[in-house]
Amino acid sequence: MIENPIIQRAADCLLSESQAIQSLIPRLDDRFLQAVEAIRDCKGKVVVTGVGKSGHIGSKIAATLASTGTPAFFLNPLDAYHGDLGMLSSEDLVLAISYSGSTEELLRFLPLIQAKQIKIIGISGNPESLLAHYSDIHLNTAVEREADPLNLIPTASTTATLALGDALACALVEAKHFQPTDFAMLHPGGDLGRKLLAKVEDVMFKDNLPFLTPGMPMSEAIGIVTKGTLGIGIVVEQTPSNSQTLSTLQTTSNGLCPSNARLVGIITDGDIRRAMQRLGQAFFATPVSEIMSRNPKTISKDAKIVEAGEKMNHHSIHTLIVVDEGCKVVGVIDSFSCLPGTRFYH
């Protein structure tokens, strides 16, 4: 028992609203399934309508439907009387909300919808209301009581209606086989959209990369790895046709991989620590080839960054070498770059 009466009242409110939502579960029957199928098969738009608090809830439901791949918008019945009725076509579907089922402004609007031969899904707390009779499909959101102590303020009833709208949207995600990439296409400006749509090329490190050669002594290699700040060294081997040395090309090409080099290995901070412990003073004269890991994991610069993250998780690594179509090293992507909110590097 909560001693503070104000906190107790707030707790009672939350309990009442949670019970109102749970009471909807047994009502997920054939009518709910029919509503989902009607929205799924709608060739036009879902037009959500309601007045007052129901209108506010309807606006949110419309936004949720639109964000999950169902074209939808909110229309105030009062605006419909003054020209906005022209926004509706016979291929649309109307989702009408009124807890009492007897809101006058809404009921005056419904015959105009029927005249256009538009299907109506009604949501109310009264299965015997006029809204229910006007509806082709009616969904019951009746609650035992409102959450406020006076049983007057739309609280539990609006929560139940909002939750039912979310249930419709979630069921449609299943019915329409809506995928994360579909969600990203509708949210290109958000973190998830960026993560799912951006390519590796958009976030990879590509300048001043820490290139090493197999014969380079670790005394030289460790300085390049440290300067690179990525915690790795990229080991490449040049073809003998070019007389330039890798060290010269590093200086003149801003750390970009030489065109005649091929990837042969990788050295990580962990490799260096383990080698120093194992070799002692001999470490500094040891060539890179004896310490590097061969066949490093790579990814295409055209791959999505979500694919890069999945690949790193699968192999329990934090870095991938990025290659182009000709398998030339063009960059490095690390696990931090795959997180939502990470900035673009160019």
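The values are calculated or read from the model by the stated rules, or taken from the named source; none is laboratory data. In this text, all values refer to a predicted model and were calculated from it rather than measured experimentally. Methodologically, a virtual Cβ is constructed for each residue, glycine included, from the backbone with ideal geometry; neighbour enumeration extends over all protein chains shown. Ligands, DNA and RNA are excluded from the accessible area calculation, which covers all protein heavy atoms including side chains. Shrake-Rupley method; radii C 1.70, N 1.55, O 1.52, S 1.80 Å.
Under 30 Å from F178 (Cβ atoms), open to solvent by 100 Å² or more (accessible area, probe 1.4 Å) and at pLDDT 95 or above: which single residue out of I25, I21 fits that description? Outline the logic, then answer.
Numbers: I21 fails: open to solvent by 100 Å² or more (accessible area, probe 1.4 Å).
It is I25.
Quick one: how many residues across segment 127-154 are over 18 Å from F32 (Cα atoms), open to solvent by 30 Å² or more (accessible area, probe 1.4 Å), outside any helix (DSSP H, G or I) and of a type outside the set (V, I, T)?
Looking only at that region, the number is 7.
Assuming V47 fulfils every condition listed in (1) more than 23 Å from the chain's Cα centre (by Cα); (2) among the aliphatic types (A, V, I, L, M); (3) surrounded by fewer than 23 Cβ atoms within 10 Å (Cβ to Cβ) apart from one, which condition is it?
Failed condition: (3).
Is there any pair with a first residue in segment 1-21 that is touching a residue at least 40 places away in the same chain (Cβ under 8 Å) and under 13 Å from E146 (Cβ atoms) and a second that is open to solvent by less than 60 Å² (accessible area, probe 1.4 Å) and assigned to a helix (DSSP H, G or I) whose Cβ atoms are under 6 Å apart and which are 6 or more apart or on different chains, and what are they?
Final answer for the pair search is S16/A156; E17/A156; E17/T159; A20/A156; A20/T159; A20/A160.
Of all residues in segment 278-306 being assigned to a loop (DSSP other than H, G, I, E, B) and either open to solvent by 80 Å² or more (accessible area, probe 1.4 Å) or not small (G, A, S) (or both), which is farthest from M204 (Cα to Cα)? Working first, answer last.
Quick first cut of segment 278-306, residues assigned to a loop (DSSP other than H, G, I, E, B) only: 286, 291-292, 295-297, 301-303.
Filter once more, so that each one left must be either open to solvent by 80 Å² or more (accessible area, probe 1.4 Å) or not small (G, A, S) (or both): 286, 291-292, 295-297, 301-302.
Working: T286: 30, I291: 25, M292: 22, N295: 20, P296: 17, K297: 15, K301: 8, D302: 11 Å.
For segment 278-306, the residue satisfying everything is T286.
Do we have T319 as β-branched (V, I, T), touching a Pro at 6+ places or on another chain (Cβ under 8 Å) and open to solvent by less than 20 Å² (accessible area, probe 1.4 Å) here? Give the derivation first.
Working: β-branched (V, I, T): yes; touching a Pro at 6+ places or on another chain (Cβ under 8 Å): no; open to solvent by less than 20 Å² (accessible area, probe 1.4 Å): yes.
For T319, the condition - β-branched (V, I, T), touching a Pro at 6+ places or on another chain (Cβ under 8 Å) and open to solvent by less than 20 Å² (accessible area, probe 1.4 Å) - is not met.
Can you tell me which residues in segment 21-43 are under 18 Å from T64 (Cβ atoms) and in contact with an Asp or Glu (Cβ under 9 Å, 6 or more places away or on another chain)?
Residues of segment 21-43 under 18 Å from T64 (Cβ atoms): 21, 24, 28, 32, 35-36, 38-40, 42.
Answer for segment 21-43, where residues must be under 18 Å from T64 (Cβ atoms) and in contact with an Asp or Glu (Cβ under 9 Å, 6 or more places away or on another chain): V36, A38, C42.
In segment 70-82, which residue that is open to solvent by less than 30 Å² (accessible area, probe 1.4 Å) and under 20 Å from D166 (Cα atoms) is farthest from the chain's Cα centre (by Cα)? If you could, list the steps in order and put the result at the bottom.
Of all residues in segment 70-82, those open to solvent by less than 30 Å² (accessible area, probe 1.4 Å) come to 70, 72, 75, 77, 80.
From what's left, under 20 Å from D166 (Cα atoms): 70, 72, 75.
Numbers: T70: 16, A72: 20, L75: 28 Å.
By that ranking, first place goes to L75.
Mind listing just one residue for me: the one in segment 280-316 that is of a type in the set (K, R) and within 19 Å of I267 (Cα to Cα) and, of those, farthest from the chain's Cα centre (by Cα)?
The first filter runs over segment 280-316 and keeps only residues of a type in the set (K, R), leaving 294, 297, 301, 304, 311.
Filter once more, so that each one left must be within 19 Å of I267 (Cα to Cα): 294, 297, 311.
Details: R294: 35, K297: 26, K311: 18 Å.
Step by step, filter segment 280-316, then rank; the result is R294.
Please pick out the residue among L88, L110 that is over 23 Å from N140 (Cα atoms), open to solvent by less than 50 Å² (accessible area, probe 1.4 Å) and in contact with a helix residue (DSSP H, G or I) (Cβ under 9 Å, 6 or more places away or on another chain). Steps first, answer last, please.
On the way: L110 fails: over 23 Å from N140 (Cα atoms).
When all the criteria are applied, what remains is L88.
How many residues does segment 1-33 contain that are part of a helix (DSSP H, G or I), over 32 Å from the mean Cα position of the chain (by Cα) and β-branched (V, I, T)?
Total meeting the criteria: 2.
If you go through segment 155-168 one residue at a time, do you hit one that is at pLDDT 90 or above, farther than 24 Å from V323 by Cβ and assigned to a loop (DSSP other than H, G, I, E, B)? Working first, answer last.
Of segment 155-168, the ones at pLDDT 90 or above are 155-168.
Then keep just the ones that are farther than 24 Å from V323 by Cβ; that gives 155-168.
Filter again for assigned to a loop (DSSP other than H, G, I, E, B), leaving 155.
Yes, that holds for at least one residue.
List pairs: first residue in segment 326-338 and part of a helix (DSSP H, G or I), second residue at pLDDT 75 or above anywhere in the structure, Cβ distance under 6 angstrom, at least six positions apart or on different chains.
From residues that are part of a helix (DSSP H, G or I), the pairs are S335/M312; S335/H318; S337/V203; C338/I305; C338/A308; C338/G309.
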